[in-house]
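Below: one structure, written as structure tokens.
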Amino acid sequence: MLHHIKKNKKVALITGITGQDGSFLAEILLSKNYEVHGLIRRASTFNTSRVEHLYTDPHDTKAKLFLHYGDLNDTGTIRQLIYSIQPNEIYNLGAQSHVRVSFDTPEYTADVTALGALRILEAIKDFQIHTKKKIKFYQASSSEMFGTTPPPQNENTVFHPQSPYGCSKVFAYHATKLYREAYGIFAVNGILFNHESERRGETFVTRKITRGIARIKAGLDRKIFLGNLEAKRDWGYAPEYMEAAYLMMQYSVPDDYVVGTGESHSIHEFLEIAFKEAGLGDYKKYVVIDPRYYRPAEVHNLIADTAKVKKVLGWKPKTNFIQLVKIMVGADIKNLKNVK
Ligand code: NAP
Ligand code: GDD
């Protein structure tokens, strides 16, 4: 576990490195010459496909990405990793991140998504006291925390979460703020609105749609089964959001920032554009409503007010909604062609 610490470069630890955001963030940090460490879970199948292109054998002296087994619900490994790696920056992206699933596994979700953040913050606090070295902390906070509070939502908007996931993220958000204020830790909350990409998990609605379209086009499926199509989200392109996370960690003072596009669109609109892009015509011929995908409570509309992140960090989104849908449809159709 202990490894040679190179003093001349910045060292980052990413939890959730195998996820959509973790893989984009790892690319960004590696391109800036960081030594990057990622926490991965042991699974019976390979779960590192999103970072495979970045990985070289750790015995290679030029290796810059290192993966370590662990889990956000395991305090021991978290502390051991932090003491052995001694990172300059920790990005806590790991979470049970699926809102619908959090209703099925509320306690597990809170353990990983809420207490996981607290475990890292406690470890940083102790590490800083014992070593007198500083570690910066990024918490992947979420627009899901706003829940039913009407849009637009910004850094001062009241939270009214509508899921065990949302409640867990609110806890982690406040813990991050508390450790900043009580212990002087450089700890930031990136309150990110929905962001998608060709690497999005297959069960989130955008990817479920674009993957479903590719399968219909290839003759593998005839229908896509979905839940509530009325909900509206502020959807942006994931790699750009990880640039924002990086900028928050480089700013002179730690703070909290909302990141989004400032526009919201319904699932109906996503379907319309995606099916048109694929040349399949009217989506209503292919989409079937299945109540199993309804949630016990729903977040109806999210729209980011991004004035602060624009003014303070100079960040703004580049990819618009239609471009995002086209990227995702195109990638899924291409993926399936490559497999066949
Ligand atoms: P994702 O694709 O679902 O990735 C989640 C990551 O967390 C995966 O690497 C997963 O590992 C890891 N993980 C899950 N349970 C864990 C555990 N018990 N211990 C350690 N790691 C665990 O999520 P994402 O879209 O990249 O989002 C990244 C973070 O931002 C999450 O915290 C999410 O809640 C938050 N967020 C996302 C959005 C969005 O729109 N994407 C918006 C706001 C906030 P496996 O690969 O092994 O499952
Ligand atoms: N997943 C899913 N599957 N969602 C569906 C479906 C379906 O079959 N049918 C309709 N929806 C609706 C959901 O009810 C919700 O209103 C909307 O599509 C978006 O659902 P998701 O794509 O699952 O995302 P989310 O908004 O619940 O959560 C995502 O964004 C959050 C930020 O606001 C996740 O990435 C969270 O981790 C993230 O914090």
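Worth pointing out:
- What you get for the chain, charging only the Cβ of Lys and Arg (+1) and of Asp and Glu (-1), is a dipole of about 780 debye around the Cα centre.
- Positive-end extreme of charge dipole, region 241-340 - chosen from Leu302, Val329, Leu271 (charges on Cβ): Val329
- Against the chain, whose longest principal axis is taken from its Cα atoms, helix 238-250 shows a tilt of about 20°.
- Cα-based shape type of the chain, given that a ≥ b ≥ c are square roots of the gyration tensor eigenvalues and the cut on a/c is 1.5: prolate
- The charge dipole of region 243-340, taken about the Cα centre with unit charges on the Cβ atoms of Lys, Arg (+1) and Asp, Glu (-1), comes to about 380 debye, rounded to the nearest 20.
- Each of Tyr246, Tyr257 was scored by other Cβ atoms within 10 Å of its Cβ. Arranged with the fewest first, they read Tyr246, Tyr257.
- Ordering of 265-278, 215-228, 48-61, 17-30 by burial proxy (mean other Cβ atoms within 10 Å per residue, highest first): 17-30, 265-278, 215-228, 48-61
- Per residue of the chain, the DSSP helices (runs of n ≥ 4 H) give a summed -39500 (n - 2.57) that works out to -11500 deg cm²/dmol at 222 nm.
- Here Trp235, Trp315 are placed in order of increasing Cβ neighbour count within 10 Å, fewest first, which gives Trp315, Trp235.
- Straight-line cross-link reach from Lys136 at under 17 Å between alpha-carbon atoms covers these aspartates and glutamates, not counting any fewer than eight positions away in the same chain: Glu35, Glu89, Glu122, Asp126, Glu181, Glu243, Asp255, Asp256.
- Scattering curve values for region 238-295, log₁₀ I(q)/I(0), Debye with Cα scatterers, q = 0.13, 0.31 Å⁻¹: -0.61, -1.20
- Between helix 267-277 and the chain: long-axis angle, C-alpha atoms, 0 to 90°, nearest 10: 70 degrees
- Top positive-direction residue, dipole computed over region 25-121 with Cβ charges, set His53, Tyr69, Ser97: His53
Read-outs throughout are calculated quantities, based only on the coordinates presented, and are distinct from any laboratory measurement. Because the structure is a prediction, the values reported are computed rather than measured. Positions of Cβ are generated from backbone atoms using ideal geometry, with glycine treated the same way; all protein chains shown enter the neighbour counts.
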